[in-house]
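The values are calculated or read from the model by the stated rules, or taken from the named source; none is laboratory data. All values reported here derive from a predicted model rather than from experimental measurement. No Cβ is skipped: glycine too gets one built from the backbone with ideal geometry, and neighbour counts run over all protein chains shown.
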Amino acid sequence: MRHLIFFLFFYGLCGIAWSLERKTNIIYILLDDAGYGDLSCYGQKKFKTPNIDLLAKEGIKFTQHYSGSTVCAPTRSVLMTGLHTGHTQIRGNKEVKPIGQHPIPSNAYTIAEALKKSGYQTGAFGKWGLGSPGSEGAPENQGFDRFYGYNCQRNAHTYYPTWLFDNDKKISLDGKTYSHDLIMEKALEFIRSYQDGPFFCFLPLAIPHASMHVPEKYAKPFRKSFAEHENKIGKYKGPNVKNPAAMFAGMMTKLDEGVGEILELIKELEIDDDTIVLLSSDNGPHKEGGHMPNYFDSNGPYRGFKRDLYEGGIRVPLIARWPNKIKPGTSTNHISAHWDIFPTFCEIAGVELTEKIDGISFLPTLRGKSNQQDHDYLYWEFHERSGARAARFKNWKAVQKNLKKNPNPPIEIYNLLQDPSELKDLSMEREDLIKKAKQIFVEAHSPSPIWKMPWEK
């Protein structure tokens, strides 16, 4: 009997120790061009996203979270490096022929590399956009053990591609298979394969970007609801579609279904308590492929869309669910951005971060603690169109446009607390805030040989 008690006590202690030492699995879902108002838990009225709503109900919803940029590639660079667009290596969309985008350099230190050093299996499934196959920026050269999806974001403009990439191998497809299904299948397979953990599953999904493509069974329930758009044709890449409004709602329904599949799987594998699931978007809503963001109120109460540095172009959803760690049904107005993801994941994983980055871990906010460190400011620069930059400091927002046309264009100033829609420019009244914005613009920008400010050329 004494031996039996000792045996149970010993192995009980071992089990406790194993439990304490077990690292948290991380699943990060990144939507493509989904606006702040495109989820029903953030106010969408024309369709429902029940599984994403469940994430919020069982977790925490951020109301002041920002994307890394207002377009695809630089946002992904910000996410991977924890550096904002004044410092990160990729600051714009820059194509490489025949396939891919300008590569993030080999000396970039990514989330995947940091987590991999700590014993994580790392997988990315969806749209990469940070380096063509075989380049130094390809996902398998940036810390990912497994990649499946669109290496080239240009190819991701259609959901019926003739090829995708499996790591560095080009996989031929028939052009009739919905790519999102294949990507989700591989992601779920990855989670199942590494259920003993720890794993980092990065899902930069293509939905709802560009072409309004979705299998008809998802669009059909919305055709009567949006009958006034039935004769409208959505054109982009791949087959044209009738009623892009119904197709968009169907795409978001399909996307939400996939989130539900992830939640079901981690519960089935009994790793629910050991897994944090986060969901965000890479920038504000687009106007492509027949999509009507105004009709859906995709940017919520905010001004601007994709390619704008107003709130509608860069304020995005963030939801996090972590059973027994995050208090369910909570909301926070903590001001955070995509460059905070890197240090947050490192702190969750117990990874010492020695690199100098711009991000600040928001783990205290996730855990409901009062010791959350705040940013002095957030900063963005945008090198497309006429060039722009913006900064948020406390409740103030500074926006400067037309940098390529004017060496010293005016700076707009907004009070986001009183004017979240950025309708009243206070620049004529607040010279002190203009001075502050100029200081931030200088401090936050480091020269890049590729993405130069107009005065640097």
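Close contacts from region 144-173, counting a first residue that is in the same structural domain as K235 (by TED's automatic domain parsing) and closer than 23 Å to S77 by Cβ and a second that is buried (at least 24 other Cβ atoms within 10 Å of the Cβ) and of a type in the set (S, T, N, Q), with Cβ to Cβ under 6 Å and a gap of 6+ residues or different chains, come to F144/T122; D145/T122; H157/S211; F165/N151.
Does region 395-417 contain at least one residue that is among the aliphatic types (A, V, I, L, M) and surrounded by fewer than 19 Cβ atoms within 10 Å (Cβ to Cβ)? Can you show your working first?
Restricting attention to region 395-417, the residues satisfying the condition of being among the aliphatic types (A, V, I, L, M) are 398-399, 403, 411, 413, 416-417.
Remaining after also requiring surrounded by fewer than 19 Cβ atoms within 10 Å (Cβ to Cβ): 416-417.
Yes, because at least one residue in region 395-417 is among the aliphatic types (A, V, I, L, M) and surrounded by fewer than 19 Cβ atoms within 10 Å (Cβ to Cβ).
The set of residues in region 394-407 being more than 18 Å from Y302 (Cβ to Cβ) and either assigned to a strand (DSSP E or B) or among the β-branched types (V, I, T) (or both) consists of Q400 alone.
Checking the stated criteria, S421 turns out not to satisfy the condition of being in a loop (DSSP other than H, G, I, E, B), over 23 Å from N93 (Cα atoms), hydroxyl-bearing (S, T, Y) and more than 27 Å from the chain's Cα centre (by Cα). Candidates are the residues of region 165-205 that are aromatic (F, W, Y) and farther than 21 Å from S281 by Cβ; the one that is surrounded by the most Cβ atoms within 10 Å (Cβ to Cβ) is F199.
Of the candidates I341, I357, I434, the single residue that is out of contact with any Asp or Glu (no Cβ under 8 Å at 6 or more places or on another chain), assigned by TED's automatic domain parsing to the domain that holds F199 and not in a loop (DSSP other than H, G, I, E, B) is I341. Check region 231-245 and report whether any residue there is buried (at least 20 other Cβ atoms within 10 Å of the Cβ), in the same structural domain as S135 (by TED's automatic domain parsing) and farther than 30 Å from P98 by Cα. Scanning region 231-245 turns up at least one residue that is buried (at least 20 other Cβ atoms within 10 Å of the Cβ), in the same structural domain as S135 (by TED's automatic domain parsing) and farther than 30 Å from P98 by Cα. Considering each of F200, F190 in turn, give the residue that is in contact (Cβ under 8 Å) with a residue 24 or more places away in the chain and in a helix (DSSP H, G or I). None of the others qualify; the one that does is F190.
I'd like the full set of residues that are assigned to a helix (DSSP H, G or I) and closer than 13 Å to H213 by Cβ, limited to region 238-248.
Going through region 238-248, the residues assigned to a helix (DSSP H, G or I) turn out to be 244-248.
P244, A246, M247, F248, listed by residue number.
Taken across region 385-393, residues that are surrounded by fewer than 21 Cβ atoms within 10 Å (Cβ to Cβ), outside any loop (DSSP other than H, G, I, E, B) and touching a residue at least 40 places away in the same chain (Cβ under 8 Å) do occur, with at least one present.
Grab the strands (runs of 3 or more DSSP E) fully contained in region 54-152, keeping just those with 3 or more residues being small (G, A, S).
Numbers: elements: 60-66, 121-127, 146-150.
By residue number, 121-127.
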